[in-house]
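Below: the structure, in structure tokens.
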Amino acid sequence: MALVNEHFLKLPGSYLFAEIARKVKAYKISHRNADVISLGIGDVTQPLCPAVIEAMHKATDEMAQKSCFRGYGPEQGYDFLRDAILKNEFAPRGIRLNRDEIFINDGAKSDTGNIQELLRWDNTIGLTDPVYPVYIDSNVMAGRAGTLENGRWSDIVYIPCTAENDFVPQIPQQRPVDVVYLCYPNNPTGTVISKKELKRWVDYALKNDVLILYDAAYQAYITDPEIPHSIYEIKGAKKCAIEFHSFSKTAGFTGVRCGYTVVPKELTISTLDGESVELNPLWNRRQCTKFNGTSYISQRAAEAIYTPEGRRQVQQTIGYYMQNAQKMLSTLQSLGFRVYGGENAPYIWMKTPDGCSSWEFFDALLFGAQVVCTPGVGFGPSGEGYVRFTAFGTKEKTDEALERIAKWSNK
Ligand SMILES: *Cc1c(COP(=O)(O)O)cnc(C)c1O
């Protein structure tokens with residue numbers, strides 16, 4: 001008899017975005033002419049830059065010729081892209097990695113989930129709260145989360161990051177963790193971590209044999225030179241951290257699909273008998289068995305963002321989104337709202353006024369200004385009383401949304 005993985009049955013439906021869509025749809029049915037602007041979605045709106053398009057065309061033409069057609073590529077990714085990453089992302093920051101420590105993938109979402117195959121089911125997982133929901137749901141599927149009680153999973157250690165602690169994740173004191181996810185710049189709060197705070201986590205991990213899963217999907221949005229782009233800027237991190245990168249937010253690759261995972265050779269974790277095991281060869285083995293590489297065309301596209309034109313064009317698009325972010329920050333601040341993030345990340349995290357819940361504010365904003373935000377509570381219990389705005393909209397829509405919010409809140 002075939003038996004189901006019952007952990008899947010514990011998962012609530014994808015409540016957050018489904019519920020937002022339902023509410024917006026209902027609003028549109030009862031307000032036929034309403035023009036609703038969404039600052040809720042986390043997807044980009046600007047097209048791929050010319051350097052990337054050119055590289056994709058060229059790669060496509062190569063595929064049309066017998067002499068340079070490519071079939072299955074290396075499971076770890078093509079050397080041209082791994083070398084471009086080493087040279088452009090890590091070497092300038094004084095980080096020495098080898099080619100075989102870089103694994104090209106089809107995006108960071110898959111690997112933040114897949115990496116768990118290297119970990120026993122009974123590791124205790126620590127998560128900053130609020131959090132990118134993928135880390136939780138993928139651990140639920142693997143049976144690591146326990147049961148859901150009042151919006152909290154019984155076996156997950158929540159690390160609250162709120163205005164009260166300046167969004168600085170504190171080392172868990174009550175209950176030790178074995179594996180911890182850190183995402184900086186953070187989705188959903190848009191806040192960053194300083195080198196000093198990140199060093200506390202690396203030191204803690206080294207001392208307690210904790211594995212850090214570091215999601216750097218938004219590192220390209222960092223403007224402050226003091227903020228680390230990679231956890232490997234911290235001494236000792238290669239011994240305790242895996243890092244995930246993505247071209248999705250960096251260069252608008254959400255539909256192209258390409259990213260990479262760094263698994264340093266120095267990184268070891270333990271068997272139950274206390275024997276040290278290197279994760280790099282295990283991840284290589286896993287990828288060779290279950291993954292057949294990202295398409296050649298996507299990898300050539302990613303390589304093109306490191307050419308001089310590519311760099312300039314990508315920076316231009318990032319600058320476009322960050323102008324939205326700045327405008328959102330200054331407008332919302334001037335209206336008296338308490339806002340966070342938005343300086344080194346494309347998200348604004350806003351405290352709802354007058355003790356309003358996340359969903360109450362969502363409804364009020366939809367009905368009052370026809371603007372959609374994301375209720376913070378959808379990202380975890382510590383997100384209650386906040387909402388998230390994204391800077392990934394077009395300038396025109398963002399400006400109009402802000403005008404509407406200003407009119408509505410001055411009423
Ligand atoms: C968007 C995002 C990613 C990137 O996912 P891809 O699969 O590479 O598109 C990873 N982590 C976080 C926190 C994100 O918001």
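The values are calculated or read from the model by the stated rules, or taken from the named source; none is laboratory data. Source: prediction; values computed, not measured. Note: ideal-geometry Cβ built from the backbone for every residue, glycine included; neighbour counts use all protein chains shown.
From T191, T254, which residue is surrounded by fewer than 21 Cβ atoms within 10 Å (Cβ to Cβ), within 14 Å of the chain's Cα centre (by Cα) and at pLDDT 95 or above?
T254
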Where in the stretch 324-411 are there strands (runs of 3 or more DSSP E), lying wholly inside it, with at least 3 residues that are surrounded by 24 or more Cβ atoms within 10 Å (Cβ to Cβ) and touching a residue at least 60 places away in the same chain (Cβ under 8 Å)? 347-351, 386-390
Give me the residue from the stretch 119-138 that is charged (D, E, K, R) and farther than 21 Å from Q173 by Cα and, out of that set, farthest from the chain's Cα centre (by Cα). R120
Taking the stretch 216-248 and the residues there that are in contact (Cβ under 8 Å) with a residue 40 or more places away in the chain and over 26 Å from N280 (Cα atoms), the one that is nearest to the chain's Cα centre (by Cα) would be Y221
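I37: in the same structural domain as S246 (by TED's automatic domain parsing), under 30 Å from A391 (Cα atoms) and touching a helix residue (DSSP H, G or I) at 6+ places or on another chain (Cβ under 9 Å), yes or no?
So I37 does not fit the description; no.
Going by the conditions given, is A401 over 22 Å from T128 (Cβ atoms) and touching a helix residue (DSSP H, G or I) at 6+ places or on another chain (Cβ under 8 Å)?
Details: over 22 Å from T128 (Cβ atoms): yes; touching a helix residue (DSSP H, G or I) at 6+ places or on another chain (Cβ under 8 Å): yes.
Criteria met by A401.
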Flagged in the stretch 239-262 as outside any helix (DSSP H, G or I) and away from the ligand (no atom under 15 Å from the Cβ), in numbering order, are C240, A241
For the stretch 40-56, does any single residue satisfy the condition of being within 25 Å of the chain's Cα centre (by Cα), small (G, A, S) and surrounded by fewer than 18 Cβ atoms within 10 Å (Cβ to Cβ)? yes
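Which one is nearest to the ligand (Cβ to nearest atom) among residues in the stretch 209-238 that are part of a loop (DSSP other than H, G, I, E, B) and among the aliphatic types (A, V, I, L, M)?
Per the criteria, the residue is A217.
Just checking, which of K23, K28 is in contact (Cβ under 8 Å) with a residue 24 or more places away in the chain and basic (K, R)?
Details: K28 fails: in contact (Cβ under 8 Å) with a residue 24 or more places away in the chain.
Only one candidate qualifies: K23.
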Among (1) free of Cβ contacts under 8 Å to residues at least 40 places away in the same chain; (2) touching an Asp or Glu at 6+ places or on another chain (Cβ under 6 Å), M1 falls short only on (2)
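Within the stretch 263-273, restricting attention to residues that are more than 20 Å from A302 (Cβ to Cβ) and buried (at least 19 other Cβ atoms within 10 Å of the Cβ), which residue is farthest from the ligand (Cβ to nearest atom)? Quick ask: steps written out before the conclusion?
Quick first cut of the stretch 263-273, residues more than 20 Å from A302 (Cβ to Cβ) only: 264-273.
Retained after the next criterion (residues that are buried (at least 19 other Cβ atoms within 10 Å of the Cβ)): 264, 267, 269.
Details: P264: 20, L267: 20, I269: 22 Å.
By that ranking, first place goes to I269.
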